[in-house]
Each structure stands twice: as structure tokens, then as C-alpha cells.
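**Student:** Structure in C-alpha cells, see below.
The values are calculated or read from the model by the stated rules, or taken from the named source; none is laboratory data. Everything numeric in this text was worked out from a predicted model, so none of it was measured. Cβ placement follows ideal geometry from the backbone for every residue including glycine, while neighbour counts extend to all protein chains displayed.
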Amino acid sequence: MGKQRLTTFALAIKNLRKRSFRSKSLIIVVTVFSFVMFCGGLLSQSLSLGENYMSGRMGADIMIVPRGCALSLQNTLLRSESNTFYLNENLVEGISATHGVEQVSPQLYIGSLNAACCTVPVQLIGFDPKTDFTIKSWMKNIDSSKLAFGEVVTGSHVNAAFGGRVWFFGQPLKVAAKLNDTGMGFDSSVFMTLETARYMIKTSQESAVHPAGNEKDRVSALFIKLTSNSDASEIAKTIINKYPQTDVVVLKEMMRHISTQLNNLRGLAYGIQGLLWVVSFLILAVVFTVTANERKREFGLLLALGATRKKLEGLLMTETLIISILGAVCGVIAAAFIMYEFRMLIATSLGLPYMQPKIGSIVMLSAVSLLLSVFTGVISCLYSTIRIGRLEPHIMIRGYE
């Protein structure tokens, strides 16, 4: 049988296997650290991307809903919550005549029961293709003005194939297109013309589900685009004074509130990451130091047999690198799997614009998390490596300082 060369790497593997419990414990510490670093970074990027995407493509400057329904509208837009509410009168003409208003587009919201396409109740949204300036900016594969009666456009998270059918209130609707990712509640919504939506209301009444009036001009919200030199806050006050039965949501104010929430959440995430880094570093440093003290006799014998101090330092560092790399890889893989599989639940739970970055950004974040985890392992081992490297062999063998 040929002789096997005992390299630094092979010796490090043997040492780690010999002390498997300690090795696995250290790998778990690095795994947790890497997991939190990746999750925190991806969460921060996703929220920032969702905020920028929403503010840039929302289109409307002001939104009008029935009195007391402003929060329901925000939850529908951000949390994918299923809501049903209606304005009591037709305000389109009156709002359109308001000074500073450039365009008005109505939408009709119908909360559905659980459907086969989704694991949660779906928001049905009726819109007017002739006046719409919000939803069409997210659409692909179809001109919204050509959407026919009985056809729908599904959000990107709705499990329905293009050209297939979805069923609501016992009625089949053809899937004419899907939306691009929006980072909003639109991703879990189904869109149709006002005519189709009002037919759904009639169907829901017959099924005793979400009973509602059947006036032909009933809508839930008005999305308003203002002229370039208009003051949204002033126009909002004018509308509220004229129509006290309504709530007016100003997009800039809503985005300002969302931005504050995002900053608070990011601050919390960074704080947790920083605290975990300190804890991980201290745990690794203490364990490496204690382990090095326990192995002084082993190191002394290696030196006595002709091993150089650089060889000894290289052995410790190789063991540390193996532990750090294994832990970092496991942490990143676990974090990527969880963040991808539960992305919809995360977005819904946060109630904030949430859009995962493209693959290039995720790969870059993975690399940063890996490097930071390995770096943490390496620097936590430096003290014990330097200390062992300075002791004389006879002192280490005899076990005295």
C-alpha cells in the first residue's frame, strides 16, 4: 500500500473529525451568523427596491375611498388583504371638475373566498381600461384597453396559467395576461373590467357571499392624477371639505410613512446583525482559545518532531477556514431557500412594498455574507494562533505556562 502524504489540509480534517462535537458546534455558530447576515441584507434590499418601485410606478397622486376605509385601501395595496367597500355615490364628475385634477380613474374592490388558484382570499379589482393609468403600467402581454368581458389579468403570485381559467363565485374567468412583479398587494390580486367586476357582485349576491348593492355606477376608490403644478395636500383638503363622506389618501404622505417604517425596520435589522456579530466573534474566540490550550501538548510534540511554527499556525488557520466555510455555505443556502419559499408570507406579514432583487444582486449578497462569515472566523482565531506560536515546545509538552 502506498504511503499517503499528511498535508496540512488532511491533518486539519483528521483533527476536526476527531473532535466532531466541537467542530459541529462551531459550524452551527457560523451557520446562524451567516443565515442572519444574508436574511437581513436581502430583507433590506427587497424593501428598498419595493419602495422605489412603488413610488415610481404608482401613477396616482391622490386616492379617494369611503370614510373610514383609508387603512383598508393601504392594506389592499400593500398586504394583499381582501377587502370589499364602496363609495355611496358617483363622484367621478365632481372630482374631475376640481381645479388641479388632470385625470380620474375608478376602481372596484371585491373580496373573494378562497380560490383554487391561491392559498389565501384574493382581492378582485375592477378597473376602467379607458381611464386607467395605474394598473396598465404593470401589465405585460396585453393592452389593457382590449381586456374583454369575462377576461382577467392575474398578479404575478397568482397560480394561474396564461390562457387558463380561474373560478370565483362559481364563475369561470379566462386569464388573458399576468402582471409584472409590483412588490405590492397587486401581486396577489386579479384584475378585470368594471363590467366583469359588477357581474361578480351580482353573482356574489346570488350566492349570499359579500352582499352588496347593485347600482351600475358603484365603485370603491378613485385614483387621481394631478397637474404638474398642483399641491396634493391642498387639493386633498378641498375634496374632504366638499365630500366629507370620503377619506383622501395622498401618495407622498403614504410613502413618507412607509419610508419611516422601512428605516425603523432596517435599523432594527442592522442592530441585530451587529449584536450577533459581536456574540459570534466572542463565542468563536473563546472556543478557539480554550481548544488551543487543550492542544498545547499536541502542538509541542509536533514542533519537537520537526514541524515549523508556520506549519502549526497554518494548521490552526486551515481548521478555522474549513469550519467557517462550511458554516457560511450552510447558512447562506438555508437563508436563500427560506427567503425564496416564504417570500409571499414575508411580504404579506410586513405590510410594506417588498420585491426581491434580481439574481445578480442575490449572488453578490451571498458572496458578501460568505466572506464576512469566513473573515469573522479567521480573526476570532488569530489570538490563539499567535499565542500558541510564541510558546516554547518544552513548555507546551509539560503543560506549564
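**Student:** Consider only pairs whose beta carbons are under 6 Å apart and that are at least six residues apart or on different chains; among these, list those whose first residue lies in region 340-357 and is in the same structural domain as residue 77 (by TED's automatic domain parsing) and whose second residue is surrounded by 17 or more Cβ atoms within 10 Å (Cβ to Cβ) and not aliphatic (A, V, I, L, M).
**Tutor:** Nothing qualifies.
**Student:** Could I ask something else about it? From the residues in region 270-298 that are among the β-branched types (Val, Ile, Thr) and in contact (Cβ under 8 Å) with a residue 60 or more places away in the chain, which one is farthest from residue 372 (Cα to Cα)?
**Tutor:** Top of the filtered list is 291.
**Student:** Look at residue 105 and say whether it is small (Gly, Ala, Ser) and part of a helix (DSSP H, G or I).
**Tutor:** It is false that residue 105 is small (Gly, Ala, Ser) and part of a helix (DSSP H, G or I).
**Student:** Now for a different question. Of 336, 328, which residue is of a type outside the set (Ser, Thr, Tyr) and either free of Cβ contacts under 8 Å to residues at least 24 places away in the same chain or within 30 Å of residue 77 (Cα to Cα) (or both)?
**Tutor:** Just one listed residue meets the conditions, 336.
**Student:** Out of the residues in region 77-102 that are part of a loop (DSSP other than H, G, I, E, B) and of a type in the set (Asp, Glu), which is surrounded by the fewest Cβ atoms within 10 Å (Cβ to Cβ)?
**Tutor:** 89
**Student:** Considering only residues that are at pLDDT below 85 and not in a loop (DSSP other than H, G, I, E, B), look in region 173-188 and name the one that is surrounded by the fewest Cβ atoms within 10 Å (Cβ to Cβ).
**Tutor:** Residue satisfying both the conditions and the ranking: 177.
**Student:** For residues in region 312-348 being small (Gly, Ala, Ser) and surrounded by 17 or more Cβ atoms within 10 Å (Cβ to Cβ), which is nearest to residue 297 (Cα to Cα)?
**Tutor:** Going through the qualifying residues, I end up with 314.
**Student:** Now for a separate question. Scan region 350-363 for residues that are in a helix (DSSP H, G or I) and farther than 18 Å from residue 36 by Cβ and report the count.
**Tutor:** Looking only at that region, the number is 4.
Conditions tested, residue by residue: (1) modelled with pLDDT under 90; (2) closer than 26 Å to residue 276 by Cα.
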{"position": "350", "(1), (2)": "yes, yes"}
{"position": "356", "(1), (2)": "yes, yes"}
{"position": "368", "(1), (2)": "no, yes"}
{"position": "377", "(1), (2)": "yes, yes"}
{"position": "388", "(1), (2)": "yes, no"}
{"position": "398", "(1), (2)": "yes, no"}
